[in-house]
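Notes to accompany the following structure.
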Amino acid sequence: MVPLGWYISLSVALFVIGAAGVLLRRNILVVLMSLELLLNSVNINFIAFGHYHADFRGQIFAIFVIAITAAEVAVALGILVALVRNRATLKIDDITLMKG
Amino acid sequence: MDQGFFLLFAAGAVVTALTVVLARNPVHSALALMACFLQISAIFILLEAPLLAVVQIFVYVGAIMVLFLFVIMMIDVREAVLQRFLPGSNLPALVLLVLLGVEMLVLVFRSDRLSATAPIATRGGDQIRQLSTTLFSDYLLPFEAASIILLAALVGAIVLARKEWP
C-alpha cells in the first residue's frame, strides 16, 4: 500500500514544476500548459485524500475541476487566437497593453 | 507491488512535466504534457478511481490537448522558439518556488496524520454507482452550474476567436 505522503509529494513536485513554467517561461502557450499541470496536481491531492478517507467528495470535486478546466482552456485559447491575430506575438513580456 | 508501480508512474510524470517546462518547441511541450496526463491517469487507477482515470484521458488527452495542438498549428510558433525563459533575472522567482516546495514537503512529512499507509476507512460495493448517486443527488446544483459555465465558455470562445466583428 502506498503511503498518503507519497501522493502528496508527487503533487507538490508537479505543482512546483508547473508554477516554474507559469513564472519563468516566455511563450504564452507553454504558460497555459503549465496551468493545466497545476490543476492536475491539485486533482491528485483531491483524489488521494478522498481515497484515504473513503469519501466520494474528493472524486466529485475532481470532476468539477476537470469541467471548469475545459471551459478555461476554451476561453483562454480563444483569447490567444484573437491576440495573435491583432498583435502577432506570443511573448508574454510583449503583451503589456493593460500595464500589468 | 503498488509502490513499484507508483514510483514508476510518478517518475514518468515528473520527467514529462520537466520536459513541458524545459522544451524549446511548444509542440514538444504539448506532447510531453499529453504523456504526463497519461501517467497521472495511471496514478488515478492506483487510487481506485477508474472513472476519473477515463475522464482524464477523454477530457485532457482527447479534448484539451487536441485543442492546444490545433491552436499551435493555426499560429506561427517559430519566432517564440528562440528564447525559452523571460529575459532578466529570474532569481526571485526561483527562490520563491524552492521555498514553496520545501515548505509544502516539510508540512507533509512532519505531520503524523499524513503518513497513513492504509486507508483510514474502507468502502465496499459498487463504487461508481455510489459516486454517481452522490453526484446526481447531493451535488445536482453544482453539476448544472458547471454545464451552464461550459455553455458560456463555448459561446464565449466562438465570439472571441471570430475573425470579423459586426
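Here, each number is a calculation from the coordinates, and none is a lab measurement. Please read these numbers as outputs of a predicted model, since none were measured by experiment. Every residue, glycine as well, gets a Cβ built from its backbone with ideal geometry; the counts of neighbours run over all protein chains shown.
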Given the convex hull of the Cα atoms of region B:1-82, what is a quarter of its surface area in nm²?
5.3 nm²
FRET efficiency for A:Thr89 and B:Gln3, using Cβ-Cβ distance with R0 set to 51 Å, rounded to 0.05
0.65
Which semi-axis lengths, in whole Å and largest first, follow from the square roots of five times the eigenvalues of the Cα gyration tensor of the protein assembly as shown?
33, 24, 15
Taking square-rooted eigenvalues a ≥ b ≥ c of the alpha carbon gyration tensor, is region B:41-94 rounded, prolate or oblate, where a/c under 1.5 means rounded and, failing that, a/b exceeding b/c means prolate?
oblate
What helices does chain B have that are whole DSSP H segments, at least 18 Å long along their own axis by Cα, and with mean Kyte-Doolittle hydropathy of 1.6 or more?
B:2-22, B:26-46, B:91-110, B:140-161
What is the angle, in °, between the Cα long axis of helix A:57-87 and the longest principal axis of the Cα atoms in chain A? Nearest 10 is fine, range 0 to 90.
10 degrees
Tilt relative to chain A, helix A:4-24 - C-alpha long axis, 0 to 90 degrees, to 10
10 degrees
Principal axis extents for chain B, Cα atoms only, whole Å, descending order, please.
54, 44, 28
Radius ratio Rg over Rh of chain A, counting only Cα atoms, Kirkwood formula for Rh:
1.10
Using only Cα atoms, tell me the angle between helix A:28-52 and the longest principal axis of chain A; keep it within 0 to 90° and round to the nearest 10.
10 degrees
So for chain B, averaging the separation of alpha carbon pairs under 8 Å that are six or more residues apart and normalising by length, what relative contact order in percent results?
15 percent
With a sphere of radius 12 Å drawn around the Cβ of B:Gly88, what net charge do the other residues whose Cβ falls strictly inside it have (Lys, Arg +1; Asp, Glu -1)?
0
